[in-house]
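**Student:** Here it is, the structure, as structure tokens.
The values are calculated or read from the model by the stated rules, or taken from the named source; none is laboratory data. In this text the structure is predicted, and so the values were computed from the model without any measurement. Here the Cβ positions follow ideal geometry from the backbone for every residue, glycine too, while neighbour counts run over all protein chains shown. Surface accessibility is based on the protein's heavy atoms, side chains included, excluding ligands, DNA and RNA. Shrake-Rupley method; radii C 1.70, N 1.55, O 1.52, S 1.80 Å.
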Amino acid sequence: MDHIYVCRNGSSCTSLYRTQTHFNGTLDAFVKITRREGARALWSGLPPTLVMAVPATVIYFTCYDQLRDGLRYSLGLHGSHIPLIAGGLARLGAVTVISPLELVRTKMQSRKLTYRELNVCIRSAVAQSGWLSLWKGWGPTVLRDVPFSALYWFNYELVKEWLHEQHFISQTDFSISFTAGAISGAVAAVLTLPFDVVKTRRQIQLGEMETLGVPLKRSSATWHILKDIWAESGHRGLFAGFLPRVIKVAPACAIMISSYEFGKAFFQEMNLREKRR
């Protein structure tokens, strides 16, 4: 982002400018960020992440369960494609509701902003481009998250069933759901990584527009950005951030689905006990 620091060579603000740190890998990034900004910087943007995660998870998992059971029992459909359809539709609804909060999170992680500065930044974007600017990056996010969820649930159900057969058990325990969640999350994360790169680039473009005060000349369409990245860096550019994304997504998916399955089993058992009484 050095190219948008419009007064870096001026005398009045040169002291404010610091050359950005370049990272040589995931571990190197952890070390340099901790040394330069402190350990707390690794949790930058945590409040909006938590605000986003709770409603997103509620909408996502509830819709998935309802859609899956509706397709199976109400419509009488069967087959491995049911989790794929239900997962994709559930994610589409969650992404649409949560997209503005993800934009806020991206801004807070890319720059050190107070909540007052963040409010000014958001209001400026709305004034320039309208309320739809809050859904900047919605298209690439949908292209990333909907296939991700479809692939995730499809693989999760398959891996879970395979683990049941391998261990000769019919009930899903914590270890099975954790393992199946990690494997399916890693596979889905790798396959949809190019769209995550596009989404991040489009959201950064909004920051460039705010800083420069002019619209960007280059196209922000998803396929144009994919072509630009391919022309600049080839397949490596499309899969930039591969290791950090897998390190983040695989355990996150494992923890989330195993906790969800454990919570469901716990409350189902509790409800059965209440009925017996």
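**Student:** So, in the stretch 179-194, how many residues would count as being in a helix (DSSP H, G or I) and open to solvent by less than 10 Å² (accessible area, probe 1.4 Å)?
**Tutor:** The initial filter retains those residues of the stretch 179-194 that are in a helix (DSSP H, G or I), namely 179-191, 193-194.
If we keep only those that are open to solvent by less than 10 Å² (accessible area, probe 1.4 Å) too, we end up with 180-181, 184-185, 188-189, 193.
Selection size over the stretch 179-194: 7.
**Student:** Still on this model: Residue by residue through the stretch 37-57, note down the ones that are touching a Leu at 6+ places or on another chain (Cβ under 7 Å), within 24 Å of residue 264 (Cα to Cα) and open to solvent by less than 60 Å² (accessible area, probe 1.4 Å).
**Tutor:** 52
**Student:** A further question on this structure: Which one of 265, 240 is closer than 16 Å to residue 65 by Cβ, at pLDDT below 90, of a type outside the set (Val, Ile, Thr) and surrounded by 14 or more Cβ atoms within 10 Å (Cβ to Cβ)? Quick ask: steps written out before the conclusion?
**Tutor:** Numbers: 240 fails: closer than 16 Å to residue 65 by Cβ.
On inspection, the qualifying residue turns out to be 265.
**Student:** Can you name the residue in the stretch 142-201 that is among the aromatic types (Phe, Trp, Tyr) and within 21 Å of the chain's Cα centre (by Cα) and is also farthest from residue 234 (Cα to Cα) among such residues? Can you show your working first?
**Tutor:** Let us first name the residues in the stretch 142-201 that are among the aromatic types (Phe, Trp, Tyr), namely 148, 152-154, 156, 162, 168, 174, 178, 195.
Filter once more, so that each one left must be within 21 Å of the chain's Cα centre (by Cα): 148, 152-154, 156, 178, 195.
On the way: 148: 22, 152: 26, 153: 30, 154: 29, 156: 31, 178: 34, 195: 14 Å.
Filtering first and then ranking leaves 178.
**Student:** Could you list, in sequence order, the residues of the stretch 67-80 that are exposed (fewer than 15 other Cβ atoms within 10 Å of the Cβ) and without any contact (Cβ under 8 Å) to a residue 40 or more places away in the chain? I'd like the intermediate steps shown before the answer.
**Tutor:** At the first step, the residues of the stretch 67-80 found to be exposed (fewer than 15 other Cβ atoms within 10 Å of the Cβ) are 69-70, 73-80.
Of everything in the stretch 67-80, those that are exposed (fewer than 15 other Cβ atoms within 10 Å of the Cβ) and without any contact (Cβ under 8 Å) to a residue 40 or more places away in the chain turn out to be 69, 70, 73, 74, 75, 76, 77, 78, 79.
**Student:** On to the next question. Under the condition of being within 20 Å of the chain's Cα centre (by Cα) and more than 15 Å from residue 145 (Cβ to Cβ), which residue from the stretch 56-82 is modelled with the lowest pLDDT? Walk me through how you get there before you give the answer.
**Tutor:** Start the filter on the stretch 56-82 by keeping residues that are within 20 Å of the chain's Cα centre (by Cα), which leaves 56-64.
Next cut, more than 15 Å from residue 145 (Cβ to Cβ) only: 58, 62.
Values: 58: 87, 62: 90.
Ranking the candidates gives 58 first.
**Student:** Pick out the one residue from 64, 60 that is touching a Gly at 6+ places or on another chain (Cβ under 7 Å) and open to solvent by less than 40 Å² (accessible area, probe 1.4 Å). Working first, answer last.
**Tutor:** Details: 60 fails: touching a Gly at 6+ places or on another chain (Cβ under 7 Å).
Answer to the selection: 64.
**Student:** I'd like the full set of residues that are surrounded by fewer than 18 Cβ atoms within 10 Å (Cβ to Cβ) and in contact with a Ser or Thr (Cβ under 6 Å, 6 or more places away or on another chain), limited to the stretch 141-174.
**Tutor:** Passing the criteria: only 174.
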